[in-house]
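**Student:** Got a structure here, written out as structure tokens. Questions coming.
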Amino acid sequence: MTWLTPSMAWFGLLIPAVLILWFLKMKRRDVEISSTLLWAMVLDDKRVNSPFQRFRKSLLLLLQLLVIILATLALMQPEKQGEIVAGRVHLLLLDVSASMAVTEGGSTRFDRAQALAKQRIENMGAGESAVIIAFDHGARAVTPVTDDRGELRRALEVLEPGVSATRIGPAIELAVSIGERQNDAVAVIYSDGNFEAWEGKLISLPLEYEPVGTGTENAGITSLSARPELGAEGGLRIFVEVRNPGVEPAAGTLSLHLGDVPVRVAEHEGIEPGGRWSHTFEIKGDGGGGGGDVLEVLWEPRDGDALAADDRAWIVVEPPSTVTLWQVGPPNFALDDALAVLPHTHVHTLTPEAAKERLAARDVDLPDLIIWDRTAPDEMPRGPAHLFLGALPPGVWDPEPPLVERPPIISWDQEHPLNRFVRYSSLDGEIPEGWVLPDLPHSKALLDSRGGALIRTFRTESSEGIVVGFDAMRTRWPLQTSFPFFLQAAVAYLGRSVETVEGIRPGELIAIEGGSGVESYRVTDPAGRTREIKASADGWFRSAETDQLGLFSIAWHDAKVVDETGKPFEWARIVPVSLLSLAESSITPQGKISIAGGELTEASANRTLARKVFWPWLLALAVIFLMGEWYFYHRR
Amino acid sequence: MAEASPHPAGAPSREPLLDKEFLARIERLSLLSRATLTGRMRGGRRSRRRGFSTEFADHRDYVPGDDIRYLDWNIYGRLDRLFIKLFEEEEDLTVCILVDCSRSMAFGEPNKFRYARQVAAALSYIALGTEDRVGIYPFDRTMRAPFPPVRGRRNAMRLISWLGDLEAGAGTGLLESLTSFASAAPARGMVILISDLLDPAGYKDALRTIAGRRTDVHLIHLLSPDEIEPVVAGDLRLVDAEDGETIEVSVGGRILEAYRRTVDEFRAGVQETCRRFDIQPLFTSTGTPFDELVLGYLRARQIIG
């Protein structure tokens, strides 16, 4: 038992005050009797005429004392002490993520969470208030802190689960920011617990956890990506991963749709519990995925499953465009031959001096890619991507990486699309000397020697590219087939000849730089609703209102860019929104969750639910006794 | 409590103490004394004194001067000695009825004082019907003027009327009153004391004064139902009707229980005292109907028969 306001015990001093008043106020009724002889004999017995006996005989005094005692206790606000001290401000955190839409026994998990929260609201005592916080990838308070149960109920009823993944962090941070302004707050999390542990700073806010959900069986698409096929025919390779976090094998069909037409189908007879199925669809250039196309991947579990949101995912393939590149350096016939066969590529061969002059000119059209063959600019030009062959980009490594003679080849990243058709084993011991390229942020080693990377990607604030840290012309590599494959992959990779838009997760930000002349963007959401959204001052489109699965279409025009007829040029972009969340596909309700290093379990929730506030009952008893005192006073 | 008494000041009621119907019912009753007693005149009651009636009692040796008509010649023939036959002498009985007229008797519902006078009237009527001598001795602080002993039923109505005119007086002086009575009362006879014995000075010494080997003493201890089982509650100031003494008391269940225990102890004390002084007590309350007391309890106790 704890006392929230023990200082109110001073109120108990009213008890002796009442006793004193009792003695002072005692009015006796005169009654004439035949003789006081017998009564005198009675009162000679001190036992029955003691002051305490008088108290015992005074029901009114007893009731008055009880009223004071109960009122004093109520003012001291006794509460039954639990491990977590709950409060009078209930921060009700409702998970509205996709997994809460799982239907079990005729109702969704969110229905259950709603019912629990509603019960909590109904059980609120006088003086208690609540706020409802809905959270998925983000968190928002849908009511103010209020004791208006009707408002809380109404806000609760309009909530429904969305399609987003869950992040508990923003919800906890919001709850803490609200709870810090309250004297006595407790946060209650209504969720199936399928989110990553939050490792934020320790919080003083008491937390309770009300897990919901019972089902476990669900398999869904958790990963979708596409890479341009680097072969001569082009095309796309689409990687799909289906995960089965359930406890039973999941069989089903995976199909790839171009528009509404299924173009590829694959089946799996049973993904093991906890296992994954990684499947790759290959699409040639003319067989779909040629450009500007929307590819939809559909997972159809044979026995159905609990969550539909993770059974579909989308990817957009932008149309291929011609890559303009500058080849800067001394004459190089091997390089010339390799570049000449690349499709959709327009090559300008320049000497270093000519390149320097062009870069210095203001009105020159910069290429998509510059290949620096054994030469390097004084300063990295902004805009194009860069491929350095036997040269180092200026300003990227400081100090300059060390040169190593005949570095032994150890390994290369065979998974990287640049290395898909490339074999470097013939270079082992064949490179006369090369720079060992240290690791950088956002950099990836493509070829490793014993001393370090010999080929590495890099990305800085102003540029990105690939560095081949040795002079390939001094090796036999240009004479091998892997060299043109490497060049083709590098040009496709850096020149974005085929661009795939893998899209975003629900709730994530769409950001498009349309240009300074753009005034507004026309957005059509997956449901077909179109809105006009004003561009920011710098002409950007930014929106996080992406809580729908499917395709968002954003169209705009720049008044400064007109076509040959003088009309503003129209641009459009399609952004797919897919769930692709293993946490959401894992619908097995979690009995415990980890918040700021501590674990909350259902059991701990029960303990805190056992907490009782007694003062209203004490006050009610005091009122009853007061009424009893009034009754007996008048009856007498 | 007697706060609802119709005659708090002890004023006489105009209603006759005994109605004719009741008088007819007690016409044939007589007072029964535990012992034959000496009276002044020969009456309708056997006396321990051997006299000259028809009831043989004993023999004794003849002494000169004895009436030779009572010589038992049969014994003289057998024993050659003279014996006088002794017969129980029929004598009248002097019945003294002491009525407590203190103010405490003027309480209760029914009123104790009227009840006491009714009992006294009934007993007197019965006694006068058997040629006994009856005297009424009212008292409060002291003895008041008595109704002197009379005999014969012809005096009954006068006596009852006199009783009806009696009024309750002031406080109670049991010892002084009874001492005064004992000094002037006949040495033998029957004494009936009707009182509540509520005297702050006590009752034991007073009862001692009227007890005697040759006196058949009866006590009718009279309380009202309110005095036996008070119906009061709360914080009270009890005012003594006789002396104005006050007692403050907060009456509750425990107090009432103690009071009842005190009444029981008081009555037990009276009974013990009566046993010591050979007094026949009868404890009654005005809650017992008057005729039931006379025709039931008194007959059952063989006070009348």
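The values are calculated or read from the model by the stated rules, or taken from the named source; none is laboratory data. Predicted, not measured: the structure shown is a model, and the values here were computed from it. Cβ: placed from backbone, ideal geometry, glycine included. Neighbour counts: every protein chain shown. The area values use the complete protein model at the heavy-atom level, side chains included, leaving out ligands, DNA and RNA. Shrake-Rupley method; radii C 1.70, N 1.55, O 1.52, S 1.80 Å.
**Student:** State which residue pairs qualify: first residue among the charged types (D, E, K, R) and inside the range A:89-105, second residue in a strand (DSSP E or B) in any location, beta carbons under 7 Å apart, and separation of 6 or more residues or different chains.
**Tutor:** Sorted first by the residue in the range A:89-105, then by its partner, the pairs are A:95/A:135; A:95/A:190; A:95/A:191.
**Student:** Just wondering, is there one or more residues in the range B:268-276 that are out of contact with any helix residue (DSSP H, G or I) (no Cβ under 9 Å at 6 or more places or on another chain), of a type in the set (Gly, Ala, Ser), within 11 Å of chain A (Cβ to nearest Cβ) and without any contact (Cβ under 8 Å) to a residue 24 or more places away in the chain?
**Tutor:** No - not one qualifying residue is present in the range B:268-276.
**Student:** Right, another one. Applying the selection to the range B:189-225, what residues are more than 20 Å from residue B:173 (Cβ to Cβ), within 14 Å of chain A (Cβ to nearest Cβ) and buried (at least 23 other Cβ atoms within 10 Å of the Cβ)?
**Tutor:** Of everything in the range B:189-225, just one residue is more than 20 Å from residue B:173 (Cβ to Cβ), within 14 Å of chain A (Cβ to nearest Cβ) and buried (at least 23 other Cβ atoms within 10 Å of the Cβ), namely B:224.
**Student:** Here's a follow-up. Output the residues belonging to the range A:543-562 that are closer than 27 Å to residue A:297 by Cβ and assigned to a strand (DSSP E or B).
**Tutor:** Selection gives A:543, A:550, A:551, A:552, A:553, A:554, A:555.
**Student:** Can you pull out every residue in the range A:345-374 that is among the β-branched types (Val, Ile, Thr) and within 23 Å of residue A:492 (Cβ to Cβ)?
**Tutor:** A:345, A:347, A:349, A:370, A:371 - these are the residues of the range A:345-374 that are among the β-branched types (Val, Ile, Thr) and within 23 Å of residue A:492 (Cβ to Cβ).
**Student:** Okay, moving on. All but one of (1) more than 28 Å from residue B:17 (Cβ to Cβ); (2) away from every other protein chain (no Cβ under 14 Å); (3) touching a residue at least 12 places away in the same chain (Cβ under 8 Å) hold for residue B:252; state the number of the condition that does not hold.
**Tutor:** Result: residue B:252 fails condition (2) only.
**Student:** What pairs can you find where one residue is in the range A:245-273 and charged (D, E, K, R), the other is in a strand (DSSP E or B), and their Cβ atoms are less than 6 Å apart, with a gap of 6+ or different chains?
**Tutor:** These pairs meet every condition: A:264/A:256; A:264/A:281; A:267/A:253; A:269/A:251.
**Student:** Exactly one of these conditions fails for residue A:381: (1) in a strand (DSSP E or B); (2) at pLDDT below 90; (3) assigned by TED's automatic domain parsing to the domain that holds residue A:490; (4) not basic (Lys, Arg). Give me its number.
**Tutor:** Result: residue A:381 fails condition (1) only.
**Student:** Which condition number in (1) closer than 23 Å to residue B:134 by Cβ; (2) within 14 Å of another protein chain (Cβ to nearest Cβ) is the one that residue B:185 fails?
**Tutor:** Answer for residue B:185: the failing condition is (2).
**Student:** Among the residues of the range B:142-155, is there at least one that is within 14 Å of chain A (Cβ to nearest Cβ) and either buried (at least 18 other Cβ atoms within 10 Å of the Cβ) or on the phi > 0 side of the Ramachandran plot (or both)?
**Tutor:** No.
**Student:** Let me ask something else about it. Could you run through the range A:386-437 and say how many residues are in a strand (DSSP E or B), hydrophobic (A, V, I, L, M, F, W, C) and open to solvent by 70 Å² or more (accessible area, probe 1.4 Å)?
**Tutor:** 2
**Student:** Let me ask something additional. Among the residues of the range B:267-305, write down those that are open to solvent by less than 10 Å² (accessible area, probe 1.4 Å) and in a helix (DSSP H, G or I).
**Tutor:** B:270, B:273, B:274, B:293, B:294, B:298
**Student:** Still on this structure, I have one more. If you go through the range A:196-207 one residue at a time, do you hit one that is part of a loop (DSSP other than H, G, I, E, B), of a type in the set (A, V, I, L, M), open to solvent by 10 Å² or more (accessible area, probe 1.4 Å) and within 30 Å of residue A:315 (Cα to Cα)? Please lay out each step first, then the result.
**Tutor:** Going residue by residue through the range A:196-207, those that are part of a loop (DSSP other than H, G, I, E, B) are A:196-197, A:199-206.
Narrowing further to those that are of a type in the set (A, V, I, L, M): A:197, A:202-203, A:205.
Among the residues that remain, those that are also open to solvent by 10 Å² or more (accessible area, probe 1.4 Å) are: A:197, A:202-203, A:205.
Going one step further and asking which of them are within 30 Å of residue A:315 (Cα to Cα), we end up with A:197.
Yes; the residues of the range A:196-207 include at least one that is part of a loop (DSSP other than H, G, I, E, B), of a type in the set (A, V, I, L, M), open to solvent by 10 Å² or more (accessible area, probe 1.4 Å) and within 30 Å of residue A:315 (Cα to Cα).
**Student:** I would also like to ask the following. So in the range A:539-569, with the set limited to residues that are closer than 21 Å to residue A:510 by Cα, open to solvent by 20 Å² or more (accessible area, probe 1.4 Å) and of a type in the set (D, E, K, R), which one is farthest from the chain's Cα centre (by Cα)?
**Tutor:** Selected residue: A:542.
**Student:** Do we have residue B:247 as part of a strand (DSSP E or B) and without any contact (Cβ under 8 Å) to a residue 60 or more places away in the chain here?
**Tutor:** Considered against the rule, which asks whether it is part of a strand (DSSP E or B) and without any contact (Cβ under 8 Å) to a residue 60 or more places away in the chain, residue B:247 comes out as yes.
**Student:** For residue A:367, all conditions in the list (1) assigned to a loop (DSSP other than H, G, I, E, B); (2) surrounded by fewer than 20 Cβ atoms within 10 Å (Cβ to Cβ); (3) modelled with pLDDT under 90 hold save one; what is the number of the exception?
**Tutor:** For residue A:367, the exception is condition (2).
**Student:** If you don't mind, another one. Exactly one condition in (1) of a type in the set (Val, Ile, Thr); (2) crowded, with 24+ Cβ neighbours inside 10 Å; (3) closer than 21 Å to residue A:583 by Cα is not met by residue A:108; state its number.
**Tutor:** Of the numbered conditions (1) of a type in the set (Val, Ile, Thr); (2) crowded, with 24+ Cβ neighbours inside 10 Å; (3) closer than 21 Å to residue A:583 by Cα, the odd one out for residue A:108 is (2).
**Student:** Moving on to the next point. Scan the range A:345-364 residue by residue and report those that are part of a helix (DSSP H, G or I) and closer than 19 Å to residue A:331 by Cβ. First the steps, then the outcome.
**Tutor:** As a first pass, look at the range A:345-364 and keep what is part of a helix (DSSP H, G or I): A:352-360.
Listed by number, the residues that qualify are A:352, A:353, A:354, A:355, A:356, A:357, A:358.
**Student:** Could I ask something else about it? Please specify each residue of the range A:346-364 satisfying the condition of being closer than 14 Å to residue A:325 by Cα and modelled with pLDDT under 85.
**Tutor:** A:364
**Student:** Here's something else I'd like to know. Looking at (1) surrounded by fewer than 17 Cβ atoms within 10 Å (Cβ to Cβ); (2) on the phi > 0 side of the Ramachandran plot, which is the one condition that is false for residue A:183?
**Tutor:** Tallying (1) surrounded by fewer than 17 Cβ atoms within 10 Å (Cβ to Cβ); (2) on the phi > 0 side of the Ramachandran plot, residue A:183 fails exactly one: (2).
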